[in-house]
1. Of the residues Gln175, Gln147, which is in contact with a Phe, Trp or Tyr (Cβ under 9 Å, 6 or more places away or on another chain), assigned by TED's automatic domain parsing to the domain that holds Glu267 and either free of Cβ contacts under 8 Å to residues at least 24 places away in the same chain or not in a helix (DSSP H, G or I) (or both)?
2. When you check Phe368 against the structure, is it at pLDDT 95 or above, of a type in the set (A, V, I, L, M, F, W, C) and surrounded by fewer than 16 Cβ atoms within 10 Å (Cβ to Cβ), yes or no?
3. So which of Val313, Val335, Val346, Val353 is without any contact (Cβ under 8 Å) to a residue 40 or more places away in the chain, closer than 30 Å to Tyr400 by Cβ and of a type in the set (A, V, I, L, M)?
4. Condition first: of a type in the set (Lys, Arg) and in contact with an Asp or Glu (Cβ under 9 Å, 6 or more places away or on another chain). Now tell me which residues in region 273-300 satisfy that.
5. How about region 178-215: which of its residues are basic (Lys, Arg) and assigned to a loop (DSSP other than H, G, I, E, B)?
6. May I ask you to verify whether Phe139 is over 30 Å from His213 (Cα atoms) and of a type in the set (Phe, Trp, Tyr)?
Amino acid sequence: MFGLKKKQLVEQPLGYWEEDSYLLALTDDNKNFGKPDAMVDRVKAIDGVEVIESGFKQSEGVLEIRLKYGGKDYDVRFGPHPYEIADFMFNTLRGFSPEETERLRKTKFAMSIIMKFTNEPKKDFHLQLKIAAAALPDFLGYLDESQEKIFPPKWVMLAAKSNVEPAPNNLFTVQVIPAEKSNEVWLHTHGLCRCGLTELEILGSDRENYQNHYHLISAYAAYLIDNVGSFDYKTQLAFIGLLGGQVPVLAVCRPWTEALGEYKKLELGGAKDRENGHNSRTSPIFIASPNEKDKGKLIKVSELNDLWGNNPVYFFSDAETNRMKALAMERFDYVKKASENPEYKVLIKIGLVTDHGEDENSREHAWFELVGFEGEKFRAKLTQDPYDVAAMHEGDEGVYGVEDITDWLILTPGLSISPNEVYLLED
């Protein structure tokens, strides 16, 4: 694989939205964005932020702030400009009422909050959200131009005041592009380049398998974000999951300039689709063959389609497991409130000490259904047989505390709400 190509393909420079992180506060009128001095004062008030210097360029309307946060220096730039939201961004809008969506469609102006990420992109993005919430509150929405996604104001405000960093999948989107005349589907990310990584792609997917491929590309992207600086995505294989319970998924990516040579025919994602975009640092994913006779050979993702099985498993890093637990605990009051609504059902994931773990920290995370609260504790019923806790079985009940949980879901008549999405329950 990856031999000489008939036509020389050249990787293009990064776009401005890939070099830096661009977060836009959106408005449907040319409102006063606020006095620069007042914006600086609100940034100074953010817990943990030290403003070193600031300056306002009157002729351009640009405010620049240099600050220190978490032991690192950041240069943040605010710039107002005309802006209209592209139609495709409304396809996956979530958390906006019809009235709010209509106002977003009339967006004419934006204030960009621009900063360069370090080697801790989750912390960097958290800081950017804190700055947006403090300096530019009360806007229609916040468009992350780097990943082409619109966040509702309530989500931004909750994320900004949280002590827990955003999840890796809050830093990127996976776009799914179907072909018009065939079964082919092209998946690609936006938002990873600003993290010092490469955008990811899956070429040659199809309408039957693209959802499986969506989860694979998402799991690999999250893995790369959690391992920035300690993992070389250009050379190392990432063990991100199991197919059919036993087939390891060892992922690696290759620059598009090399990868296209491995595809004889593509309706989507070929050289013609890269003349005006998707031609900078972006890399299709390949998988190390699970066959012993082909050990070391890289194959296309689509070559695993027959091995998917009914229950593919993707791993969370220790960092992500700890982050999820912290957020679930921080927002557990939403579970208490939801338990009072007879139309809601609550599932709680609890870490159970395994029979064969190396120590007390070896946990199997299993889902329980909330039965009810007993003081500060809660009673819950196991929804599945654990793999490595022989004494417990589906239907067993126990009493647990908030310190035992690692995640939860509130199931409403129309939505499944995780700790990351509790803004949907806000009035």
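1. Answer to the check: Gln175.
2. no
3. The match here is Val353.
4. Scanning region 273-300 gives Arg281, Lys300.
5. Correct list: Lys181, Arg207.
6. Taking the combined requirement at face value, the residue satisfies it.
Table: residues versus (1) within 23 Å of Asp226 (Cα to Cα); (2) buried (at least 20 other Cβ atoms within 10 Å of the Cβ); (3) at pLDDT 95 or above.
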position: Lys106; (1), (2), (3): no, no, no
position: Ile114; (1), (2), (3): yes, yes, yes
position: Thr118; (1), (2), (3): yes, no, yes
position: Leu129; (1), (2), (3): yes, yes, yes
position: Ala132; (1), (2), (3): no, yes, yes
position: Glu148; (1), (2), (3): yes, no, yes
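The values are calculated or read from the model by the stated rules, or taken from the named source; none is laboratory data. All figures in this text were calculated on a predicted structure; none of them were measured in a lab. A quick note on method: Cβ atoms are made from the backbone with ideal geometry, for glycine too, and the neighbour counts reach across all protein chains shown.
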